[in-house]
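Take a look at the structure set out below.
The values are calculated or read from the model by the stated rules, or taken from the named source; none is laboratory data. Quick caveat: nothing in here was measured; it's all calculated off a predicted structure. Note that we place each Cβ from the backbone using ideal geometry, even for glycine, and neighbour counts take in every protein chain shown.
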Amino acid sequence: MKLLILSMSLMLNVSLFAQEASGQKMSCAADVKKFCASVEKGQGRIVKCLKEHEKEISPDCLGQLAASKEKMRAKAKDIYTNCKDDLQKLCKEAAAGKGGKLKCLENKKDQLSAKCKETLPEAKK
């Protein structure tokens, strides 16, 4: 279960951070500009860059990163709890790590249980 939550967390971290960045004034904007301006966006590169500069970034940005990490862990745990049966039934063969199980669930959204579908943002669409 820990491995599954960690792999889902990685995928969710990027999307939650991006949602926060677009939905409100981002505490890390100045730090991103200062330390990560040359970093290509996507696939968690900006978050990785900020983590590499963790000792140099602002306290507000550190707080946002910590809050995002906690949201991500809670969401991953929620997905595991609500999609456990679907994972076993539909995604047993999906690769663990790097979001393989999460991608499987999203790809099979038409076959998911109602509670799993409600938990996955992509499956609601």
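Kindly check whether there is at least one residue in the stretch 103-122 that is among the hydrophobic types (A, V, I, L, M, F, W, C), farther than 30 Å from E52 by Cα, surrounded by 13 or more Cβ atoms within 10 Å (Cβ to Cβ) and touching a residue at least 60 places away in the same chain (Cβ under 8 Å).
No, every residue in the stretch 103-122 fails to be among the hydrophobic types (A, V, I, L, M, F, W, C), farther than 30 Å from E52 by Cα, surrounded by 13 or more Cβ atoms within 10 Å (Cβ to Cβ) and touching a residue at least 60 places away in the same chain (Cβ under 8 Å).
In the stretch 79-94, what residues are surrounded by fewer than 16 Cβ atoms within 10 Å (Cβ to Cβ) and either within 17 Å of the chain's Cα centre (by Cα) or part of a helix (DSSP H, G or I) (or both)?
Result: T81, K84, D85, Q88, K89.
In the stretch 50-63, what residues are in a helix (DSSP H, G or I) and either modelled with pLDDT under 90 or surrounded by fewer than 18 Cβ atoms within 10 Å (Cβ to Cβ) (or both)? Working first, answer last.
Narrowing the stretch 50-63 to residues in a helix (DSSP H, G or I): 50-52, 59-63.
Listed by number, the residues that qualify are K51, E52, P59, D60, L62, G63.
Sort through S7, S27 and tell me the only one that's farther than 30 Å from C116 by Cα and either modelled with pLDDT under 90 or surrounded by fewer than 16 Cβ atoms within 10 Å (Cβ to Cβ) (or both).
Numbers: S7 fails: farther than 30 Å from C116 by Cα.
The unique qualifying residue is S27.
Scan the stretch 63-87 for residues that are over 28 Å from M26 (Cβ atoms) and either among the polar types (S, T, N, Q) or without any contact (Cβ under 8 Å) to a residue 40 or more places away in the chain (or both) and jot them down.
T81, N82, C83, K84, D85, D86
Return the residue satisfying two criteria in turn: it lies in the stretch 64-76 and is hydrophobic (A, V, I, L, M, F, W, C) and loosely packed, with under 15 Cβ neighbours inside 10 Å, and of such residues it is nearest to P121 (Cα to Cα). Reasoning before the result, please.
Taking the stretch 64-76 first, the residues hydrophobic (A, V, I, L, M, F, W, C) are 65-67, 72, 74, 76.
With loosely packed, with under 15 Cβ neighbours inside 10 Å added as a condition, the list becomes 66-67, 74.
Numbers: A66: 22, A67: 19, A74: 14 Å.
Taking the candidates together, the pick is A74.
I'd like the full set of residues that are modelled with pLDDT of 90 or more and either at positive phi or not in a loop (DSSP other than H, G, I, E, B) (or both), limited to the stretch 30-45.
Narrowing the stretch 30-45 to residues modelled with pLDDT of 90 or more: 30-40.
Result: A30, D31, V32, K33, K34, F35, C36.
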